[in-house]
Amino acid sequence: MDECWGYNKEGQLGTSEASPNTSVGVVTGLKEAIAVSAGGHRTCALKKGGTVVCWGDGKSSIPVLVEGLSNASAVSAGATHTCALKKDGAGVCWGKNNANQLGNGGTASSSVPVPVVDAP
């Protein structure tokens, strides 16, 4: 999967430009993706080696490696946050956290993945 189309105001199509694209556009620099998830203003891809790259949010229109995340087996991009499941079963999330959507028991946002806390 290396093609996207649609609304692109935040660069979430990964085509290195921030304008709507009604035809299929190739995601710039995306290699070895095995899964993709599109959220409100961002898109993320899980790569073969267990790393995750994301683009959009008005920050980058090309895939950027999510620092501090390895051994991922799944990824899901939400409207304002993203979560990944690691191969050992642990969950991590990053992004906005005003309603504890990161699952870490707090409300501080994080630009890097933080562990999801298991319920007691």
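Worth a mention:
- Exactly one residue out of V75, V117 is of a type in the set (A, V, I, L, M) and not in a loop (DSSP other than H, G, I, E, B), and it is V75.
- Test result for P120, at pLDDT 95 or above and of a type outside the set (A, V, I, L, M, F, W, C): no
- Candidates G68, G58, G40 - the one that is within 12 Å of the chain's Cα centre (by Cα), within 18 Å of S110 (Cβ to Cβ) and either modelled with pLDDT under 95 or part of a loop (DSSP other than H, G, I, E, B) (or both): G40
Let's see how each residue does on (1) under 19 Å from E32 (Cα atoms); (2) acidic (D, E):
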position: V75; (1), (2): yes, no
position: G78; (1), (2): no, no
position: N100; (1), (2): no, no
position: D118; (1), (2): no, yes
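- Region 65-88, residues that are touching a residue at least 24 places away in the same chain (Cβ under 8 Å), surrounded by fewer than 21 Cβ atoms within 10 Å (Cβ to Cβ) and polar (S, T, N, Q): S73, S76, T80
- Of the residues making up region 85-99, none is of a type in the set (V, I, T), assigned to a loop (DSSP other than H, G, I, E, B) and closer than 20 Å to V53 by Cβ.
- Selection within region 71-84 - under 12 Å from the mean Cα position of the chain (by Cα) and of a type outside the set (G, A, S): V75, T80, H81, T82, C83
- Taking first residues from region 48-64 that are without any contact (Cβ under 8 Å) to a residue 12 or more places away in the chain and on the phi < 0 side of the Ramachandran plot and partners that are of a type in the set (A, V, I, L, M) and surrounded by fewer than 18 Cβ atoms within 10 Å (Cβ to Cβ), no Cβ contact under 6 Å between residues at least 6 apart in sequence or on separate chains turns up.
The values are calculated or read from the model by the stated rules, or taken from the named source; none is laboratory data. What you see is a predicted model, and the numbers here were worked out from it, not measured in a lab. Counting neighbours? That spans all protein chains shown, and the Cβs are built from the backbone with ideal geometry, glycine included.
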